[in-house]
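Working notes for the structure below.
The values are calculated or read from the model by the stated rules, or taken from the named source; none is laboratory data. As the structure is a computational prediction, the values presented were derived from the model and not from experiment. In this analysis, Cβ positions are derived from the backbone assuming ideal geometry, glycine residues included, and neighbour counts consider all displayed protein chains. Protein only, heavy atoms only, side chains kept; ligands, DNA and RNA dropped before computing areas. Shrake-Rupley method; radii C 1.70, N 1.55, O 1.52, S 1.80 Å.
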Amino acid sequence: MTLKADAALNVAKVLTEALPYIQRFSGKTLVIKYGGNAMENEDLQSSFARDVVLMKTVGFNPVVVHGGGPQIGDLLKRLGKQSEFIQGMRVTDTETMDVVQMVLGGLVNKEIVTLINRHGGLAVGLSGKDGDLVRARKMYLTREATENQPSEIIDIGHVGEVESIDASVVKMLIAGDFIPVIAPIGIGKDGASYNINADLVAGKMAEALDAEKLVLLTNTAGLLDKNGKVLTGLSARQVDDLIADGTIHGGMLPKISCALDAVKSGVRSAHIIDGRVQHAVLLELFTDEGVGTLIKR
């Protein structure tokens with residue numbers, strides 16, 4: 001067999017392997033949290049945009065929720081404002097919140113929309129404030145008591161958590177064959193704007209849309225066991241056990257908790273995959289082996 005025929009055969013095998021997944025998930029909604037390294041590398045940006053357009057073309061309904069922490073930090077630095085973090089959360093005073101809205105709701109959101117549209121999609125950008133999409137409540141952090149100091153409630157400013165989602169505007173866009181791209185900014189009952197972790201918004205959005213899948217792009221290969229091997233095909237109960245025995249710890253805990261909450265609340269499966277791998281979303285969804293961690297209901 002010639003090299004040309006060999007390559008063509010490989011393409012045919014890939015398409016054949018993908019077909020059952022395309023048939024199974026056609027018409028289903030997938031919520032994808034897009035952030036980390038995948039947003040900062042031009043090749044990975046184009047790879048992600050093509051993946052989203054392909055999913056839409058074969059009948060999926062992708063919804064993108066994006067982050068933008070590094071971009072916020074860069075603009076604050078250029079403005080001469082120091083970023084401050086407490087327990088991994090950015091302290092967000094009124095001035096910082098203005099920057100957050102400019103970067104997430106403007107710059108980053110529109111860059112993603114433009115990228116998807118340039119690759120043949122029809123994307124529309126939203127923030128959580130549009131159509132009262134994301135209702136937020138103020139988040140407070142707790143500093144645990146020590147021998148010398150009592151516990152303390154810490155106010156970190158305009159940082160929020162999701163109180164409720166009204167997904168009607170997103171459903172309208174999906175019905176119109178558009179790809180919604182959502183910035184994780186919420187609106188409080190008092191009219192104040194809140195910066196919300198994109199993983200949290202993606203998880204709650206997946207629940208509100210009764211999504212088939214929640215996909216979280218990360219800067220790791222997935223959920224690893226104590227020997228560094230990627231774990232996949234996990235049930236919610238198995239994940240709870242891994243948290244209890246300390247296998248899941250540190251920075252992975254909030255992401256896993258978000259995925260676990262979504263699965264327990266009706267989302268069929270959650271995927272934690274490496275955004276540093278080109279076409280990671282397609283490899284996870286359209287191949288038998290996948291490339292990350294699958295948590296199933």
Considering each of Lys110, Lys77 in turn, give the residue that is of a type outside the set (A, V, I, L, M) and either modelled with pLDDT of 95 or more or within 15 Å of Ile182 (Cα to Cα) (or both). Lys110
Based on this model, can you work out whether Lys189 counts as more than 18 Å from Leu30 (Cβ to Cβ), open to solvent by 10 Å² or more (accessible area, probe 1.4 Å), outside any strand (DSSP E or B) and of a type in the set (Lys, Arg)? yes
Any residue in the range 141-158 that is within 18 Å of Val31 (Cα to Cα), in contact (Cβ under 8 Å) with a residue 24 or more places away in the chain and open to solvent by 20 Å² or more (accessible area, probe 1.4 Å)? no
From the options Val108, Val65, residue that is outside any helix (DSSP H, G or I) and touching a residue at least 40 places away in the same chain (Cβ under 8 Å): Val65
All positions within the range 54-76 that are more than 17 Å from the chain's Cα centre (by Cα) and open to solvent by 10 Å² or more (accessible area, probe 1.4 Å): Leu54, Lys56, Thr57, Val58, Gly59, Gly73, Asp74, Leu75
Return a yes/no flag: does the range 234-242 have any residue that is in a loop (DSSP other than H, G, I, E, B), open to solvent by 40 Å² or more (accessible area, probe 1.4 Å) and among the basic types (Lys, Arg). no
With open to solvent by 20 Å² or more (accessible area, probe 1.4 Å), at pLDDT 85 or above and either basic (Lys, Arg) or outside any loop (DSSP other than H, G, I, E, B) (or both) as the only criterion, which of Leu217, Leu200, Leu253 stands out? Leu200
Which members of the range 271-297 meet the condition of being open to solvent by 60 Å² or more (accessible area, probe 1.4 Å), of a type in the set (Asp, Glu) and more than 17 Å from Tyr21 (Cα to Cα)? none
Please specify each residue of the range 123-132 satisfying the condition of being open to solvent by 30 Å² or more (accessible area, probe 1.4 Å) and not acidic (Asp, Glu). Val124, Lys129, Gly131
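The rows are residues; the columns are (1) surrounded by fewer than 11 Cβ atoms within 10 Å (Cβ to Cβ); (2) among the aliphatic types (A, V, I, L, M); (3) not in a loop (DSSP other than H, G, I, E, B).
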| site | (1), (2), (3) |
| --- | --- |
| Gly222 | no, no, no |
| Lys226 | yes, no, no |
| Thr232 | no, no, no |
| Cys258 | no, no, yes |
Out of all the residues in the range 68-105, which are assigned to a loop (DSSP other than H, G, I, E, B) and of a type in the set (A, V, I, L, M)? Leu79, Val91
Failed item in (1) touching a Phe, Trp or Tyr at 6+ places or on another chain (Cβ under 8 Å); (2) basic (Lys, Arg); (3) under 22 Å from Gly186 (Cβ atoms), with Lys33 passing the rest: (1)
Listed by first then second residue, the pairs whose first member lies in the range 229-252 and is free of Cβ contacts under 8 Å to residues at least 60 places away in the same chain and more than 15 Å from Leu294 (Cα to Cα), whose partner is aliphatic (A, V, I, L, M) and surrounded by 13 or more Cβ atoms within 10 Å (Cβ to Cβ), with beta carbons under 9 Å and at least 6 positions apart or on separate chains, are Ile243/Ile256; Ile243/Leu260; Thr247/Leu223; Thr247/Leu224; Thr247/Leu231; His249/Ile243
Out of Asn148, Asn195, I need the residue that is within 21 Å of Gln87 (Cα to Cα) and in contact with a helix residue (DSSP H, G or I) (Cβ under 6 Å, 6 or more places away or on another chain). Which one? Asn195
Within the range 133-159, work out how many residues are at pLDDT 85 or above and out of contact with any Leu (no Cβ under 9 Å at 6 or more places or on another chain). 9
Residue, surrounded by the most Cβ atoms within 10 Å (Cβ to Cβ), within the range 100-122, restricted to residues that are touching a strand residue (DSSP E or B) at 6+ places or on another chain (Cβ under 7 Å) and of a type in the set (A, V, I, L, M): Val100
